[in-house]
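Visitor: Structure incoming, see below.
The values are calculated or read from the model by the stated rules, or taken from the named source; none is laboratory data. Please read all numbers here as calculations on a predicted model, not as lab measurements. Heads up, the Cβs are rebuilt from the backbone with ideal geometry, glycines too, and the neighbour counts pull from every protein chain shown. Protein only, heavy atoms only, side chains kept; ligands, DNA and RNA dropped before computing areas. Shrake-Rupley method; radii C 1.70, N 1.55, O 1.52, S 1.80 Å.
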Amino acid sequence: MAQAAETARTVILTVDDDPGVSRAVARDLRRRYGASYRIVRAESGESALEALRELKLRGDLVAVILADYRMPRMNGIEFLEQALDVYPGARRVLLTAYADTHAAIDAINVVDLDHYLLKPWDPPEEKLYPVLDDLLAAWRTSDHRPVPSTKVVGHRWSARSSQVREFLARNQVPYRWYSADEPEGRRLLAAAGADGQRLPLVITAQGEPLVEPDAPELAARVGLATTPTADFYDLVVIGGGPAGLGAAVYGASEGLRTVLVERSATGGQAGQSSRIENYLGFPDGVSGAQLTDRARRQAAKFGAEILTAREVTGLEVNGSARVVRFSDGTAVAAHSVILATGVSYRQLGAPGCDDLTGCGVFYGSALTEAASCQGQDVYIVGGANSAGQAAMYLARGAKSVTLLVRGADLSASMSYYLIQQIEEAPNISVRCHTVVEAAHGDGRLERLTLRDVRDGETDVVDAQWMFVFIGAAPLTDWLDGTVLRDERGFILAGPDLTPDGRPPAGWELDRPPYHLETNIPGVFVAGDARAESAKRVASAVGEGAMALMLVHRYLEQS
């Protein structure tokens, strides 16, 4: 009854300046959705905006907005950009002719377009309704209504508080932050019966207080899936970065019972990127969070299970089954496994950095801290793309951003387009041949000692924020003794296992390992954890898809 009452007041709005087309769109929408949704049509962007504002005042919900691109005075993209301010949760569709598909692709970045449809869309049963069915399903499961949000109470310079905020943000869990020293923070502590000595305090949207929760408890209490629904699957994907998400999308879409296991948050290092500008299909760039959210929704749409805050500690072979063990002692088994564990940023070994991690020293982008860097001096350690992307993002509000690079310049590890952007940014500077000798501060970062690697001279600079991107370490220690790795810990697969033409020790099949297959048949690797991988988002997604193809080949021969 509640859903029926909601959909009765929920609107699908269409706007097209051609009266005939406008009536045709509305007719097709009413035929399919008229019993459950109100169909509202307009013949100009201005009148459609007026209708949206009236709906907002009445408290009505808008699920989907379809707008024609070629409208006089206000084209479809301009209209959708303004409509986004009124109903940010509505799904957005652009109607366009074939000649205007470039505009639709631009709109994906300008207004976060959900879909574009070429006119004519006949028959609607094939070209219109399946698209809208998916968009309406996504809208119904999204945060389209104001709902009570999770609250986090903690200390500003607390490593654990920072970790909780980053965990919630990266997992797309809306929350509000309150300092324990402010009146509202103290009120929440009192209401929860907390003394303020053990922080952070998390109050879920349902009002449940959690004191210093660990990641698994926090994930379970805020509605993230943490427990598999079955004991056996066709495929277990370990790691939720681009490679893992790509494998999960292709595995589930092709009918395999698929579960993806992620220890922290989907997206991996790419999910922390403020802007990825060299990924195919996004000429104006896309944030790692946006790309991750779309991929995660896509995997879930096809039926993949996604488990969060589950740490994998072991891999065993039990006949034809591959058993994945978790840190809590439980396990899940499958016919096949794809290792997409990715990498983590290496820790800075300079004195003081460990004590100040989360208190001014951060690894990765830590985008939840970006707002606090407004008007501040920021230091970024590293010279690869992730460091450059963070520099460009933080430079929007920071007083200054200084890149600290050990090498002679940025060209060795950073893409040319990023180097150009950094050179043109007035508040970004690059210090080459420079490393961090020490970090100083009482409870938070206050100063850095920097050393010139050429002559050893040092100087001390005032610093409140330092973000570290100094190379990657594979997250593969748990595979020791099971899966073969190189001297740096990256997983060996395919031809790297057979450099002399002989199969690896213990290999019992009468064929060599497939290209991405490890020394254990049916266990594959994809993405940054693989030895000699390209360390790019596009290649990781491609390897996830390729690994899935090889999984099919393995299953067919098993």
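Visitor: As an exercise: evaluate A540 against (1) at pLDDT 95 or above; (2) within 29 Å of V401 (Cβ to Cβ); (3) in a strand (DSSP E or B); (4) within 25 Å of the chain's Cα centre (by Cα) and give the number of the one condition it does not meet.
Guide: Here A540 meets the rest and fails (3).
Visitor: Mind listing just one residue for me: the one in the stretch 246-263 that is under 20 Å from F326 (Cβ atoms) and out of contact with any Ser or Thr (no Cβ under 6 Å at 6 or more places or on another chain) and, of those, surrounded by the fewest Cβ atoms within 10 Å (Cβ to Cβ)?
Guide: Filtering the stretch 246-263 for residues that are under 20 Å from F326 (Cβ atoms) and out of contact with any Ser or Thr (no Cβ under 6 Å at 6 or more places or on another chain), the one surrounded by the fewest Cβ atoms within 10 Å (Cβ to Cβ) comes out as R257.
Let's see how each residue does on (1) assigned to a loop (DSSP other than H, G, I, E, B); (2) under 16 Å from the mean Cα position of the chain (by Cα):
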{"site": "S274", "(1), (2)": "yes, yes"}
{"site": "P283", "(1), (2)": "yes, no"}
{"site": "R297", "(1), (2)": "no, yes"}
{"site": "A300", "(1), (2)": "no, yes"}
{"site": "G303", "(1), (2)": "yes, no"}
{"site": "L307", "(1), (2)": "no, yes"}
{"site": "R325", "(1), (2)": "no, no"}
{"site": "G349", "(1), (2)": "yes, no"}
{"site": "D355", "(1), (2)": "no, no"}
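Visitor: Of the residues that make up the stretch 206-220, is at least one at negative phi, open to solvent by less than 40 Å² (accessible area, probe 1.4 Å), β-branched (V, I, T) and touching a residue at least 12 places away in the same chain (Cβ under 8 Å)?
Guide: no
Visitor: List the pairs whose first member sits in the stretch 10-23 and is in contact (Cβ under 8 Å) with a residue 24 or more places away in the chain, whose second member is open to solvent by 10 Å² or more (accessible area, probe 1.4 Å) and of a type in the set (V, I, T), and whose Cβ atoms are under 7 Å apart, counting only residues at least 6 apart or on separate chains?
Guide: Qualifying pairs under 7 Å: V11/V40; I12/I39; L13/V40.
Visitor: Which of the residues that make up the stretch 15-36 are touching a Lys or Arg at 6+ places or on another chain (Cβ under 9 Å) and surrounded by 17 or more Cβ atoms within 10 Å (Cβ to Cβ)?
Guide: Within the stretch 15-36, V15, D16, D17, S22, V25, A26, L29 meet the criteria.
Visitor: Which one of these is exposed (fewer than 15 other Cβ atoms within 10 Å of the Cβ), of a type in the set (D, E) and in contact with a helix residue (DSSP H, G or I) (Cβ under 8 Å, 6 or more places away or on another chain): E508, E532?
Guide: Going through E508, E532 in turn, the sole match is E532.
Visitor: Looking for whichever is within 14 Å of T341 (Cα to Cα), surrounded by fewer than 22 Cβ atoms within 10 Å (Cβ to Cβ) and of a type in the set (V, I, T) here; the options are V483, V541. Which one fits?
Guide: Residue meeting the stated conditions: V483.
Visitor: Consider the stretch 250-281. How many of its residues are of a type in the set (F, W, Y) and out of contact with any strand residue (DSSP E or B) (no Cβ under 7 Å at 6 or more places or on another chain)?
Guide: 1
Visitor: Right, another one. Within the stretch 202-213, is even one residue of a type in the set (S, T, N, Q) and at pLDDT 95 or above?
Guide: no
Residue by residue, here is whether (1) among the hydrophobic types (A, V, I, L, M, F, W, C); (2) surrounded by fewer than 22 Cβ atoms within 10 Å (Cβ to Cβ) holds:
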| site | (1), (2) |
| --- | --- |
| D377 | no, yes |
| G397 | no, yes |
| T402 | no, no |
| G407 | no, yes |
| A412 | yes, yes |
| Q421 | no, yes |
| T449 | no, yes |
| E457 | no, yes |
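Visitor: Follow-up. Taking the condition under 21 Å from A137 (Cα atoms) and in contact (Cβ under 8 Å) with a residue 12 or more places away in the chain, does E262 pass?
Guide: It is false that E262 is under 21 Å from A137 (Cα atoms) and in contact (Cβ under 8 Å) with a residue 12 or more places away in the chain.
Visitor: Could you grab me the full set of residues in the stretch 264-279 that are open to solvent by 10 Å² or more (accessible area, probe 1.4 Å) and at pLDDT 90 or above?
Guide: S264
Visitor: Scan the stretch 330-349 and tell me whether some residue there is surrounded by 14 or more Cβ atoms within 10 Å (Cβ to Cβ) and at positive phi.
Guide: yes
Visitor: Within the stretch 242-257, is there a residue that is of a type in the set (S, T, Y), closer than 24 Å to A138 by Cα and touching a residue at least 12 places away in the same chain (Cβ under 8 Å)?
Guide: Checked the stretch 242-257: at least one residue is of a type in the set (S, T, Y), closer than 24 Å to A138 by Cα and touching a residue at least 12 places away in the same chain (Cβ under 8 Å).
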